[in-house]
Amino acid sequence: MMTLSFLQTPSTAQVPGLPLRAGLGLKNEHFTEVLDTCPDIGFFEVHAENYMVAGGPFHHYLGLIRAQYPLSLHGVGLSIGGENPLNREHLARLATLIERYQPQAFSEHLAWSTYGPVFFNDLLPLAYDVAALNRVCEHVDQVQSTLKRPMLLENPSTYLQFQRSTLDETDFIGEIIRRTGCGLLLDVNNVYVSCINHQRDPLTYIDALPLHAVAEIHLAGFAEDTDSLGERLLIDDHGAPIDNAVWQLYEHVLARTGPVATLIERDNQVPAFSVLLAEAQQAERHLSRGRP
């Protein structure tokens with residue numbers, strides 16, 4: 001594969017200002033417990049698409065919680081890597097939501113989910129070539145121009161690779177960051193899942209990323225299966241506790257970056273709030289080792 005050389009330009013991704021602490025994905029089943037107990041947590045994160053309506057109970061509770069905690073908005077529907085132009089109505093609803101809550105960060109995925117008028121409820125991989133690079137950069141520029149703020153781009157979890165790719169994934173991500181000034185949301189679980197699936201070294205992958213641009217980290221659990229050849233296959237399902245291998249990889253990242261705002265994700269088989277809070281506290285202990 002061709003290797004790009006990109007400049008280590010300063011990132012504007014720190015502008016949103018998430019605290020250098022651990023946060024949790026906010027689930028509706030935990031709304032009242034959060035308000036009743038006021039847990040010591042760095043921030044909360046929600047999926048933007050769950051709040052793209054004018055009113056309702058989700059907005060009621062999020063408004064109350066946002067008054068007490070920093071907030072990160074995480075998008076899943078912009079289809080940044082898609083061949084179609086970005087959906088202007090979706091982007092306008094996102095801009096309205098960001099204006100309403102003034103979150104400390106907004107992030108989206110390096111993936112696609114639309115083809116023509118069809119929307120797929122999944123985050124699909126893209127081939128890494130110059131045409132895709134130019135398209136993604138145009139989309140990121142459009143998002144940042146519309147929102148009037150830098151966004152964070154999340155590295156993907158993948159289960160296949162394209163023969164027509166001409167760029168390494170890490171170079172592809174680095175060039176997007178160099179060209180657009182966006183930041184990197186480093187999903188450590190995604191790194192581990194993808195590297196195991198493609199028989200790569202996770203540490204080598206991490207070290208090849210533009211770590212100067214990391215403004216948020218995601219940690220999550222995965223499911224395990226085997227593929228048609230009997231090889232180990234990891235599924236990024238956010239439905240299990242964080243694996244010890246991911247915690248170890250997280251330590252390696254922090255040794256390179258210093259403390260970074262870190263989110264605990266759980267989207268399936270959501271446990272009691274106390275279980276998630278314990279994982280956040282474990283992340284806090286990792287973060288505290290890197291603080292002066």
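What follows draws every value from the coordinates through simple rules; no lab data is involved. On a predicted model such as this, the values are computed, not experimentally measured, just so you know. Every residue, glycine as well, gets a Cβ built from its backbone with ideal geometry; the counts of neighbours run over all protein chains shown.
Computed over neighbours whose Cβ is under 15 Å from that of residue 168, the net charge equals -3, Lys and Arg +1, Asp and Glu -1. Along the axis of the charge dipole computed for the range 89-215 (Cβ charges of +1 for Lys and Arg, -1 for Asp and Glu, origin at the Cα centre), the listed residues 166, 113, 195 are led at the positive end by 113.
Result for the chain in a Gaussian network model with C-alpha springs under 10 Å: among 63, 116, 42, the largest mean-square fluctuation is at 116.
Roughly how many Å is it from the Cα centre of the range 229-288 to that of the range 52-131, as a whole number? Cα centroid of the range 229-288 versus Cα centroid of the range 52-131: 22 Å apart. Rounded to the nearest 500, the helix-only mean residue ellipticity at 222 nm of the chain stands at -11500 deg cm²/dmol, with each DSSP H run of n ≥ 4 adding -39,500 (n - 2.57). Classify the chain: rounded, prolate or oblate, from the alpha-carbon gyration tensor (a ≥ b ≥ c, eigenvalue square roots; a/c under 1.5 rounded; otherwise prolate if a/b is larger than b/c)? Cα axes put the chain in the rounded bin.
Dividing the mean sequence gap of close Cα pairs (under 8 Å, 6+ apart) by how many residues the chain holds gives a relative contact order of 21 percent. Count Lys and Arg as plus one, Asp and Glu as minus one, and take only other residues whose Cβ is under 10 Å from that of residue 159; the net charge is then -2.
Per-residue Karplus couplings for the range 62-79, computed as 6.51 cos²θ - 1.76 cosθ + 1.60 with θ equal to phi - 60°, are listed in order as 5, x, 5, 6, 4, 5, 10, 9, x, 9, 10, 9, 10, x, 10, x, 6, 6 Hz, Gly and Pro entered as x.
Proximity of backbone amide H atoms, modeled 1.01 Å from N, is registered between residue 183 and 151, 152, 153 at under 5 Å, excluding neighbours fewer than 5 places apart on the same chain. Taking the Cα centre of the range 22-289 as origin and assigning +1 to Lys and Arg Cβ atoms and -1 to Asp and Glu Cβ atoms, the resulting dipole is close to 820 debye. Peptide packing: for 70-78, 87-95, the average count of neighbouring Cβ atoms within 10 Å per residue gives the ranking 70-78, 87-95, highest mean first.
The GNM of the chain, with springs linking C-alpha atoms under 10 angstrom apart, assigns the highest mean-square fluctuation among 85, 103, 125 to 85. Charged neighbours of residue 77, selected by a Cβ distance under 14 Å, balance to -3 (K, R count +1; D, E count -1). With both labels modelled 7 Å from their Cα along Cα-to-Cβ, the residue 92 to residue 49 distance reads 2.0 nm. Just checking the listed ones, 53, 191, 140: in the Gaussian network model of the chain with Cα springs under 10 Å, the one fluctuating most is 53.
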